[in-house]
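Computed from the coordinates by the stated procedures, all read-outs in this text should not be read as laboratory data. Here the structure is a predicted model, which is why all the values come from computation and not from measurement. Don't worry about glycine lacking a Cβ; one is built from the backbone with ideal geometry, like all the others, and counts go over all protein chains shown.
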Amino acid sequence: MAATPTVTVVSGGVGAARFLNGLLDAIDPAKVTAVVNTGDDTQLHGLSISPDLDTIIYTLADATDPERGWGLRNETWTAMGALERFEAVRPEGSAAATRWFNLGDQDLATHFYRTARLAEGASLTEVTSEIVAAWGLGLRLLPMTDERRATVVTTTTEGDVSFQDYFVRLRHSVPVTDVRFEGAAQLSDTARHAMTSAETVVIAPSNPLVSIGPIRSLDGTDDILSARRDSVVAVSPIVGGAALKGPAARMMTELGHEASVVGVARLYASIASVLIVDPADADLADAVVAEGMRCIVTPSIMSTPKIARTLADVTLAAVSTR
Ligand code: FO1
């Protein structure tokens, strides 16, 4: 029996979390590292908030609210409710008492801890490993960088806004004309090592533009992955021309890409050799191959743990270990 390969999963939020759940069923969590998008990170109420890291942690801890897909189940919102009185007196232009980004009472504990540890000089990588340990998870979770690297979305209605302004405050309901990334393009050494040394790299079924894109925007990521593309496999986040969750399909169209598995193949062909697609897109498998990738068809809608586990098994089997 060959040793279980070490696997690094390039990850966004909800889709990546569900894929990782299946992967941790399939192989030893100690063999798994996730390099996670922090372009969604935001500062509110003086707190440092890392939504994609927290979505993965809560999901793998089986603590997440199943309807929302983010935040914790059985959550209460007392603190957020108590902010309402201050909205009335808040000066124009102040971000204090912001209430469009919902922070549950239990969720606040995570932001308190992360913010306090960062203020003490800990890196986001260090704090993330502490939070992962606190939830008893066996995998390694790495932010893509320890520096600030923010996704900026250009909308037709408000111009440039932060990712959370776009996704939550504007309910991603406004057309997008550009996405770019601000701040240091500094891939962390740990994340770099995780992407170079793993026997297999998986690109999780996350938004190619605003979840995987920020990680690819860091110096070195695309060079690392293209140099080892034979052992890089991507799982399409688009099924039947639609995203399983969130605005990925519409954003792809708005930004000039084809919102299909072929469009995903065009975005990933230089860094991955295999694209996993759902049977709904079996008729497009040849078009994916024409983009220079192998195409494997297997159920990708992770509606049950068994489907998620099988998807993980098929994904790992798709690329030869080095
Ligand atoms: N998503 C929402 O749609 N509405 C919210 O109020 C909201 C709050 C929130 C708080 C903490 C957190 O970790 C995530 C939160 N999300 C919320 C999800 C967040 O916008 C993620 O960035 C998206 O899920 C995309 O990954």
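Just a few scattered comments:
- Here the Gaussian network model covers the chain, with springs between Cα atoms less than 10 Å apart; of 260, 226, 211, 226 fluctuates the most.
- Antiparallel beta bridges, as assigned by DSSP with both residues in the chain, represent about 45 percent of the total such bridges.
- Placing unit charges on the Cβ atoms only, positive for Lys and Arg and negative for Asp and Glu, gives the range 262-322 a dipole magnitude near 300 debye about its Cα centre.
- Rough spin-label spacing in nm, given labels placed 7 Å along Cα→Cβ, for residue 170 and residue 68: 2.3 nm
- Chymotrypsin sites (Phe, Trp or Tyr not before Pro) restricted to the range 55-146 and DSSP loop, no more than 11 other C-beta within 10 Å: 100
- Within the chain, all pairs of alpha-carbon atoms sorted by distance into 10 Å bins from zero give the percentages 6, 27, 36, 23, 7, 1, 0.
- Distance from the Cα centroid of the range 151-213 to that of the range 1-80 is 16 Å (rounded to whole angstrom).
- At most 12 other Cβ within 10 Å, DSSP loop - GluC sites (Glu not before Pro), the range 6-115: 67, 92
- Positive end of the dipole of the chain (Cβ unit charges, origin at the Cα centre): among 310, 243, 195, the Cα lying farthest that way belongs to 310.
- Surrounding net charge for residue 222, when Lys and Arg each add one and Asp and Glu each subtract one, Cβ distance under 11 Å: 0
- If the segment from residue 157 to residue 270 were pulled out straight at 0.36 nm per residue, it would be longer than the present Cα-Cα gap by 37.3 nm.
- Evaluating kT/(6 pi eta Rh) at 25 °C and 0.890 mPa s, with the Kirkwood radius of the range 71-144 over Cα pairs in the Stokes-Einstein relation, gives 171 µm² s⁻¹.
- A full extension of the chain between residue 301 and residue 89 corresponds to an added length of 71.7 nm, given 0.36 nm per residue minus the alpha carbon distance.
- Full extension of the segment from residue 47 to residue 82, taken as 0.36 nm per residue of separation minus the current Cα-Cα distance, would add 10.9 nm.
- Charged side chains reduced to their Cβ positions (Lys and Arg at +1, Asp and Glu at -1) give the chain a dipole of some 320 debye around its Cα centre.
- The range 1-139, dipole about Cα centre (Lys/Arg Cβ +1, Asp/Glu Cβ -1), debye to the nearest 20: 60 debye
- Since only 142, 184, 168 are under comparison, the one whose Cα sits farthest along the positive direction of the charge dipole of the range 126-190, derived from C-beta charges on Lys, Arg, Asp and Glu, is 168.
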